[in-house]
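In what follows, a structure is listed as structure tokens, so that the remarks can point back to it.
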Amino acid sequence: MPAATAETHLRLGSPAPEWRGVPPGIPEAGPYPPGGTVPEMIIRKAHIRDVPHIHRLLQEYGRRGELLSRPLSQLYDHLRDFWVCQDDAGGGIIGCCALQFCWEDLAEIRSLAVRPGATGGGIGTKLANAALDEARSFRIRRVFTLTYRPGFFRTLGFVPIDRAELPLKIWSDCITCVQFPNCDENAMILSLEGPKRVGSEGAQE
């Protein structure tokens with residue numbers, strides 16, 4: 001896959017479209033019918049207008065204690081890390097995932113979240129795979145994650161790892177977490193040097 005840019009878009013269930021430029025105003029998405037039935041979606045790199053919607057989505061899961069919420073200022077700083085899932089019909093952002101580079105051969109998948117009511121339709125898998133393809137385009141050899149959903153990441157080929165094996169620099173964000181220092185997230189890692197692994201369409205964030 002070529003290096004991912006803001007012009008790279010993946011429409012679920014159809015060829016990638018040529019849709020360029022910043023989209024119009026982005027309303028809230030959903031609600032969606034039970035069972036994960038959702039309209040046609042676009043997986044794309046985040047735009048500046050997406051940041052407030054990413055922020056609200058991460059805050060919702062942060063309040064549940066399922067991931068680390070991030071302040072608006074940090075999201076603007078790391079905007080280019082993010083992929084989003086957009087409802088092609090309504091234009092709402094219903095999912096996000098970030099790929100953060102940690103070292104010359106190591107990156108982290110973080111802030112993977114799918115809007116409640118839209119889970120179960122493979123959106124989390126599509127977002128994670130977009131981030132992993134981006135990592136491959138930068139010749140990253142290993143991608144890790146810290147997660148409360150180890151079953152989901154196993155479908156993508158991740159395996160458990162001792163957190164002590166990860167670089168100390170990744171723990172800088174943990175100091176602001178409400179779970180610190182008693183974090184019980186699972187550390188998992190994926191080698192990108194082998195064959196590409198296709199995740200489960202039914203898996204969710």
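The values are calculated or read from the model by the stated rules, or taken from the named source; none is laboratory data. In this text the structure is predicted, and so the values were computed from the model without any measurement. Neighbour counts run over all protein chains shown; Cβ positions are idealised from the backbone, glycine included.
Assorted remarks:
- Some residue of segment 108-130 being closer than 13 Å to ILE189 by Cα and either surrounded by fewer than 23 Cβ atoms within 10 Å (Cβ to Cβ) or charged (D, E, K, R) (or both): yes
- The number of residues in segment 88-104 that are more than 11 Å from HIS53 (Cβ to Cβ) and more than 12 Å from the chain's Cα centre (by Cα) comes to 7.
- Residues located in segment 85-106, provided they are in contact with a Cys (Cβ under 8 Å, 6 or more places away or on another chain) and either surrounded by fewer than 17 Cβ atoms within 10 Å (Cβ to Cβ) or within 27 Å of PRO167 (Cβ to Cβ) (or both): CYS96
- Residues (more than 9 Å from the chain's Cα centre (by Cα) and in a helix (DSSP H, G or I)) located in segment 105-124: ILE123
- Members of segment 135-149 found to be part of a helix (DSSP H, G or I) and crowded, with 21+ Cβ neighbours inside 10 Å, listed by number: ALA135
- Taking the numbered list (1) surrounded by fewer than 17 Cβ atoms within 10 Å (Cβ to Cβ); (2) at pLDDT below 95; (3) over 23 Å from PRO71 (Cβ atoms) in turn, CYS174 passes all entries but (3).
- Breaking point among (1) touching an Asp or Glu at 6+ places or on another chain (Cβ under 8 Å); (2) among the β-branched types (Val, Ile, Thr); (3) at pLDDT below 90, for ILE140: (3)
- SER69 satisfies every condition listed in (1) of a type in the set (Gly, Ala, Ser); (2) assigned to a loop (DSSP other than H, G, I, E, B); (3) buried (at least 16 other Cβ atoms within 10 Å of the Cβ); (4) at positive phi except (4).
- Among the candidates GLY151, GLY124, the residue that is touching a helix residue (DSSP H, G or I) at 6+ places or on another chain (Cβ under 8 Å) and either at pLDDT 95 or above or not acidic (Asp, Glu) (or both) is uniquely GLY124.
- Of the residues making up segment 63-83, those that are under 25 Å from ASN129 (Cβ atoms), modelled with pLDDT under 90 and of a type outside the set (Lys, Arg) are GLU66, LEU67, LEU68, SER69.
- When segment 80-104 is filtered for residues that are part of a strand (DSSP E or B) and among the acidic types (Asp, Glu), only ASP87 remains.
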